[in-house]
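Enquirer: First the structure, which I've put down as structure tokens, then a few questions once you've had a look.
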Amino acid sequence: MIREERLRLILDYVNELDYCSNEQISKHLNIPFTTLRRDLTDLHNDSKLKRVHGGAKTIREKSILEAVLDEKLLTNIDAKKSIAKKAFDCIKPFETIFLDAGSTTFFLAELIKPELNNKIYTNSIINAQVLAKNGIKDINLLPGKLKVSTVAICGVETIAALSKYNFDLAFVGINAVDKEFNFFTTDEDEAEVKKIAIRNSQFAFGLADTSKNNSKSLVKFSDKSQIALINEEV
């Protein structure tokens, strides 16, 4: 068995069981202990699995904790601006748009100009300020409770107000994207806002740079069957 094939089989087996002893792997794949120890060390050094005493375990998907918005605006700026430009290219004149709170939607808000005559609803005080600075006339800031860490408005009042409206487009922020392209956020109230915005839109887009790939957060709010993902690569 060639080395590349052997490493793939070891990794698949460990990921399937979460944890395997050296004896299990050796017996199941018919690999000598000396070869197996060398292979596990290589896979561990490549961060593909974690070698532990007597065996190996899968590397769990990382969990993303909520960062304050100021920090987010200084992280992966080029990627977020690239995503914002792609999202902006989806907007047509006179469309009604939901613009979610978040750092990537902040950069999208910077691109929207009054010449498009869009009606914009948002749950972000910062995005509303950016839009106003750009000269947008029809800005609708949703009511509700302010989440200080993200400067997002959410809660019962937000959900009640949002449920009344229909949108041509919705642009929602994503905190984490797992391997199956399920989309997550860090807060249950914000998840409900995203769900309603997606449901009430003709087309919905999720904005997330690739640093959020292969990760999970507290609440799943959508998946690839409901919204189109825009990142700096797609």
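The values are calculated or read from the model by the stated rules, or taken from the named source; none is laboratory data. Keep in mind the model is a prediction, meaning the values are calculated, not measured. Cβ coordinates were reconstructed from backbone atoms using ideal geometry, including for glycine residues, and neighbour counts include every protein chain displayed.
Enquirer: Since residue 117 meets every condition but one in (1) farther than 20 Å from residue 231 by Cβ; (2) crowded, with 16+ Cβ neighbours inside 10 Å; (3) of a type in the set (S, T, N, Q), which condition does it not meet?
Expert: Residue 117 satisfies all of (1) farther than 20 Å from residue 231 by Cβ; (2) crowded, with 16+ Cβ neighbours inside 10 Å; (3) of a type in the set (S, T, N, Q) except (2).
Enquirer: Do the conditions hold for residue 151, that is, is it under 14 Å from residue 99 (Cα atoms), surrounded by fewer than 22 Cβ atoms within 10 Å (Cβ to Cβ) and among the hydrophobic types (A, V, I, L, M, F, W, C)? Steps first, please.
Expert: On the way: under 14 Å from residue 99 (Cα atoms): yes; surrounded by fewer than 22 Cβ atoms within 10 Å (Cβ to Cβ): yes; among the hydrophobic types (A, V, I, L, M, F, W, C): yes.
Against the criterion (under 14 Å from residue 99 (Cα atoms), surrounded by fewer than 22 Cβ atoms within 10 Å (Cβ to Cβ) and among the hydrophobic types (A, V, I, L, M, F, W, C)), residue 151 qualifies.
Enquirer: Could you tell me which of the residues 148, 130 is under 27 Å from residue 94 (Cβ atoms), β-branched (Val, Ile, Thr) and out of contact with any Leu (no Cβ under 9 Å at 6 or more places or on another chain)?
Expert: Values: 148 fails: under 27 Å from residue 94 (Cβ atoms).
That would be 130, the only listed residue that is under 27 Å from residue 94 (Cβ atoms), β-branched (Val, Ile, Thr) and out of contact with any Leu (no Cβ under 9 Å at 6 or more places or on another chain).
Enquirer: Something else: Can you say whether residue 158 is crowded, with 21+ Cβ neighbours inside 10 Å, hydroxyl-bearing (Ser, Thr, Tyr) and modelled with pLDDT of 95 or more, as far as the supplied structure shows? Before the answer, list the steps.
Expert: Details: crowded, with 21+ Cβ neighbours inside 10 Å: yes; hydroxyl-bearing (Ser, Thr, Tyr): yes; modelled with pLDDT of 95 or more: yes.
Spelling it out, residue 158 is indeed crowded, with 21+ Cβ neighbours inside 10 Å, hydroxyl-bearing (Ser, Thr, Tyr) and modelled with pLDDT of 95 or more.
Enquirer: Under 6 Å by Cβ, and 6 or more places apart or on different chains, what pairs join a residue from the stretch 100-116 that is under 21 Å from residue 200 (Cβ atoms) with one that is among the hydroxyl-bearing types (Ser, Thr, Tyr) and assigned to a loop (DSSP other than H, G, I, E, B)?
Expert: Pairs that qualify, where the first residue is under 21 Å from residue 200 (Cβ atoms) and the partner is among the hydroxyl-bearing types (Ser, Thr, Tyr) and assigned to a loop (DSSP other than H, G, I, E, B), are 101/150.
Enquirer: Let me spell it out: the conditions are (1) within 24 Å of residue 208 (Cβ to Cβ); (2) touching a Phe, Trp or Tyr at 6+ places or on another chain (Cβ under 6 Å); (3) not basic (Lys, Arg), and residue 124 meets all of them except one. Which number is the exception?
Expert: (2)
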